[in-house]
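None of the figures in this text is laboratory data; all of them are computed from the coordinates on show. This one's a predicted model, so the numbers in the text were calculated from it and none came from an experiment. Backbone-built Cβ (ideal geometry, glycine too); neighbour counts: all protein chains shown.
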Amino acid sequence: MGELPALVVRAQMAAAEVGMPLTRDGTGPSCCLPGVGRFLAVLAAGCVGGMIGEMGTGVGVGAAWMASAMPADCRLVTVEMDPVRVTAARRVLADESRVEVVQGDSFDELARRAPFDLLFVDGGPSDQVVDLVRIGGRLVFDDVTPVAALPADSPFRTNDPKRDFFLADPRLVATEVVLPDLRNSLMVGTRVQ
Ligand SMILES: C[S@@+](CC[C@H](N)C(=O)[O-])C[C@H]1O[C@@H](n2cnc3c(N)ncnc32)[C@H](O)[C@@H]1O
């Protein structure tokens, strides 16, 4: 799938330093997977003159993917409540003047800066996030497991809150994107009303 951008490699090294996993091991918050990062980069690259938001910076892996791809006139604001991760992410992104790492509650901070052309929802309350995206803007949720990868008796086969949120909101044209590993997926939607 190609080499990782240098900024992403730097963020992954920061993750190792603070003990934040690069895989979804289920024991706590983890960094976004390369498949998610590449998808975010595809969307970020189209945000000409735009504004990108991220809820839950972690140490900046997703932000590094987006900053590496977004146009020169695009800005990114990412919010994290954990002070150790904020410090690590600011160090990773120190040379990126287009990126602001804010410490605080992700919804409150981004609501003050909305609307966004692209919003990556990866930490914090998600029930009102469609309001933060402009018409035509994109919303991405991480950490969904494809139905085919779930055990036969998993309740998530019929009822996954993230999938349900996306597919039930009439303001979004949405779909699930299964990553190349076939074990993880994300939800993406475009706000149309
Ligand atoms: C899955 S990790 C984020 C990974 C990151 N987006 C990436 O691409 O690597 C979730 C993060 O959200 C943060 N978080 C959870 N609730 C939050 C809130 N209400 N406001 C800000 N950050 C929050 C956690 O501290 C954690 O670092």
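Here segment 1-46 is treated as a Stokes sphere of Kirkwood radius computed over C-alpha pairs; at 10 °C and 1.306 mPa s its diffusion coefficient rounds to 138 µm²/s. When the alpha-carbon atoms of segment 98-193 are used, the pair Rg, Dmax equals 14.3, 46 angstrom. Ranking LEU33, ILE52, LEU150 by Cα position along the charge dipole of the chain, where only Lys, Arg, Asp and Glu carry charges on their C-beta atoms, puts ILE52 farthest toward the positive end.
Under 5 Å between amide hydrogens, built in the peptide plane, is the criterion, and for LEU119 it picks out GLY53, ARG138, LEU139, VAL140 among residues at least 5 positions away or on other chains.
Nothing charged except the Cβ atoms of Lys and Arg (+1) and of Asp and Glu (-1): what's the magnitude of the dipole of segment 34-146 about its Cα centre? Round to the nearest 20 debye. Present the calculation step by step, with values, prior to reporting the outcome.
Details: 10 positive and 16 negative charges, 68 e Å.
Once rounded to the nearest 20, the dipole reads 320 debye.
Calculated mean residue ellipticity, 222 nm, the chain: -8500 deg cm²/dmol, from DSSP H runs (n ≥ 4) at -39500 (n - 2.57) each, averaged per residue and rounded to 500.
Derived scalar couplings between HN and Hα for segment 97-110 equal 5, 7, 10, 10, 9, 10, 9, x, 7, 4, 5, 4, 5, 6 Hz in order, rounded to whole Hz, by the Karplus curve 6.51 cos²θ - 1.76 cosθ + 1.60 (θ = phi - 60°), x for Gly and Pro.
A cut-off of 5 Å between modelled amide H atoms, ignoring neighbours fewer than 5 places along the same chain, links GLY46 with no other residue. Expressed per residue, the C-alpha convex hull volume of the chain stands at 110 Å³. Ordering MET187, MET81, MET13, MET70 by the number of other Cβ atoms within 10 Å of each residue's own Cβ, fewest first, gives MET13, MET81, MET187, MET70.
For the chain, the Cβ-based charge dipole about the Cα centre amounts to some 340 debye (Lys, Arg positive; Asp, Glu negative; other atoms uncharged). Ordering VAL18, PRO125, PRO170 by Cα displacement along the dipole of the chain toward the positive end leaves PRO170 in first place; charges were set at the Cβ atoms of Lys, Arg (+1) and Asp, Glu (-1). Beta bridges assigned by DSSP with both partners in the chain are antiparallel in approximately 40 percent of cases.
Distance from the C-alpha centroid of segment 10-34 to that of segment 62-130: 17 Å, rounded to the whole angstrom.
Gain on full extension, evaluated as 0.36 nm per residue between MET13 and GLN103 minus their Cα-Cα distance, stands at 30.3 nm.
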